[in-house]
Amino acid sequence: MKKAFITGITGQDGSYLAEFLLDKGYKVYGLTRRTSTQNFERIKHIIHNENLELVSGDLIDQHSLTHALKEVQPDEVYNLAAQSFVKASWEQPVLTGEFTALGVVRVLEAVRLACPNARFYQASSSEMFGKVQAVPQTETTPFYPRSPYGVAKVYGHWITVNYRESFDMFAVSGILFNHESPRRGLEFVTRKIANAVARIKLGKQTHVELGTLDAKRDWGYAKDYVEAMWLMLQQDEPEDFVISTGETHSVQEFLEIACRAAGLEGDWKQYHKHNPKYDRPAEVDLLIGDPSKAKEKLGWEPTISFEELVEKMVQSELELEAKSEL
Ligand code: NAP
Ligand code: GDD
């Protein structure tokens, strides 16, 4: 039985990846940090699976990582844990650097010392392209990060490449563009909009307050993207890949489609207000990835369209909000 170790298992991607690997017959170990109340909402449906085991540790604590990997001796390590919210990275730049940048080298060191033959996946990000130097972005497009989060991810990316080249480790970096789902954190714009339009439909609120509507993102479905992570670790050679849909859409388009999907009447504009609180000190205006390499070498392709993604998220929020008394 193959063993996989996932940091960030309680997050959006970690929960989908754990499900995916359990279905493939893996024994899955997930790193979780100690909290005063349990934070297992996204994995509650698999928590009693006999092939899932939670291990205590934190990206900031080298010993906990080395100890965990020594005990588990995994075949594959997926480093998904991070301070992943871009806006928060200006408010907590040092912590973001600790988790999202130095956390990566701590996991790599733990792999190197405890299980050097394990295959390692790093969750890199299209946010590294920031002020884009080419359109569309590929594996060779230079990085120009625009947030402390983006800067931290660039470190995580290059340290992964460096460990591959220095220590001959099977270490790869997936440059994933935005991917969403009903399990997305509520602070991210897609889930925030999907939730708001559902609440408006049910008479619980009147409008949604947002920052810029002009930013464009290449939005895919998280469930598709975790399969790409696994595929990268099944290749003969360790290589980095862009994972994206190849389409870009604005925040405004997301909002317009979401209003329609929720069955809101009239013009979407009546349900929206700009609030400068949600603007960022520096914005990433346009992301669009070229997934050709992933298609050719991994045989990977997205399975659902942008409209279907928006509809799926709105439908999920309508169901959740109908049950909630808040
Ligand atoms: P997410 O939902 O925010 O999940 C982040 C996970 O990291 C959570 O399980 C969190 O644990 C854990 N974590 C945070 N700090 C930690 C620490 N110090 N020690 C141990 N665990 C820690 O993020 P996601 O959307 O699933 O994204 C997964 C990864 O892909 C992240 O690295 C993100 O930066 C990257 N990424 C995401 C996207 C995207 O569009 N989703 C695109 C490109 C790259 P708690 O539950 O305890 O907070
Ligand atoms: N969160 C949020 N809230 N974003 C808003 C809002 C708002 O009220 N109003 C407008 N936006 C805009 C942001 O300024 C940004 O341009 C865009 O919506 C998307 O913001 P987020 O959903 O917060 O995602 P992100 O693109 O900054 O970062 C996500 O994708 C990265 C990959 O490119 C995160 O998942 C990162 O972890 C990931 O690396």
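The values are calculated or read from the model by the stated rules, or taken from the named source; none is laboratory data. For clarity, every value in this text was computed on a predicted model and none was experimentally measured. Neighbour counts run over all protein chains shown; Cβ positions are idealised from the backbone, glycine included. All accessible areas refer to the heavy atoms of the entire protein, side chains included, with ligands and DNA or RNA removed. Shrake-Rupley method; radii C 1.70, N 1.55, O 1.52, S 1.80 Å.
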**Prompt:** For the stretch 11-130, how big is the tail of P(r) above 16 Å, as a whole percent of Cα pairs?
**Reply:** 64
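Once every DSSP H run of n ≥ 4 in the chain is given -39500 (n - 2.57) and the sum is divided by its residues, what mean residue ellipticity at 222 nm do you get, rounded to the nearest 500 deg cm²/dmol?
-11000 deg cm²/dmol
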**Request:** With a/c under 1.5 counting as rounded, go ahead and sort the stretch 33-104 into rounded, prolate or oblate using the C-alpha gyration tensor (a ≥ b ≥ c being the square roots of the eigenvalues; past the cut-off, prolate if a/b is larger than b/c, else oblate).
**Result:** oblate
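Quantify, in whole percent, the carbon and sulfur part of the accessible surface of the chain (1.4 Å probe; protein heavy atoms only).
Roughly 48 percent of what the probe reaches on the chain is carbon or sulfur.
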**Asked** Where the convex hull is taken over the Cα atoms of the stretch 167-302, what is its projected area averaged over directions, in nm²?
**Response** 10.0
**Fill in**
In terms of the alpha carbon gyration tensor, root eigenvalues a ≥ b ≥ c, rounded if a/c is under 1.5 and otherwise prolate when a/b exceeds b/c or oblate, the stretch 146-237 is prolate
**Fill in**
Mean separation of Cα contacts under 8 Å (at least 6 apart) over the residue count of the chain, i.e. the relative contact order in percent, is 17
**Prompt:** Going by a ≥ b ≥ c, the root eigenvalues of the Cα gyration tensor, does the stretch 85-172 fall in the rounded group (a/c under 1.5), the prolate group (a/b larger than b/c) or the oblate group?
**Reply:** oblate
**Asked** To the nearest 10 degrees, how steeply does helix 306-323 sit against the main Cα axis of the chain, on a 0 to 90 scale?
**Response** 80
**Request:** Scan the stretch 15-53 for GluC sites (Glu not before Pro) in coil per DSSP, keeping those whose Cβ has at most 11 other Cβ atoms within 10 Å, and list them by number.
**Result:** 50
**Asked** Once the Cβ-Cβ distance between residue 54 and residue 187 is put in as r, and R0 is 25 Å, what FRET efficiency do you end up with, to the nearest 0.05?
**Response** 0.55
**Request:** On a 0 to 90° scale, report how tilted helix 62-72 is relative to the longest principal axis of the chain, with both axes built from alpha carbons and the result rounded to the nearest 10.
**Result:** 70
**Label-to-label distance, nm, for residues given as residue 234 and residue 91 (7 Å Cα→Cβ offset)** = 4.0
**Asked** With respect to the cross-link table entries 44/293; 192/295; 44/323; 153/204; 44/131; 87/204, which display a Cα-Cα separation exceeding 28 Å?
**Response** 44/293; 192/295; 153/204; 44/131
**Request:** Taking the chain as the reference, fit the longest principal axis to its C-alpha atoms, fit the long axis of helix 189-201 to the helix C-alpha atoms, and give the angle between the two in degrees, 0 to 90, nearest 10.
**Result:** 40
**Message:** Taking loop as defined by DSSP and a crowding limit of 11 other beta carbons within 10 Å, which GluC sites (Glu not before Pro) in the stretch 239-314 fit?
**Reply:** 265
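Restricting attention to the stretch 1-73, which trypsin sites (Lys or Arg not before Pro) occupy a DSSP loop and are surrounded by at most 14 other Cβ atoms within 10 Å? Intermediate values should be presented prior to the final figure.
Details: sites: 2, 3, 24, 27, 33, 34, 42, 44, 70; in loops: 2, 24, 33, 34, 44.
Those satisfying the criteria are 2, 24, 34, 44.
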**Asked** Using the Cα atoms of the chain to build a convex hull, what is its mean projected area in square nanometres?
**Response** 16.2
**Highest to lowest packing among 54-65, 143-154, 315-326, scored as the average C-beta count within 10 Å** = 143-154, 54-65, 315-326
**Message:** Please compute the per residue accessible area over the chain with all protein chains in place, 1.4 Å probe, rounded to a whole number of Å².
**Reply:** 45
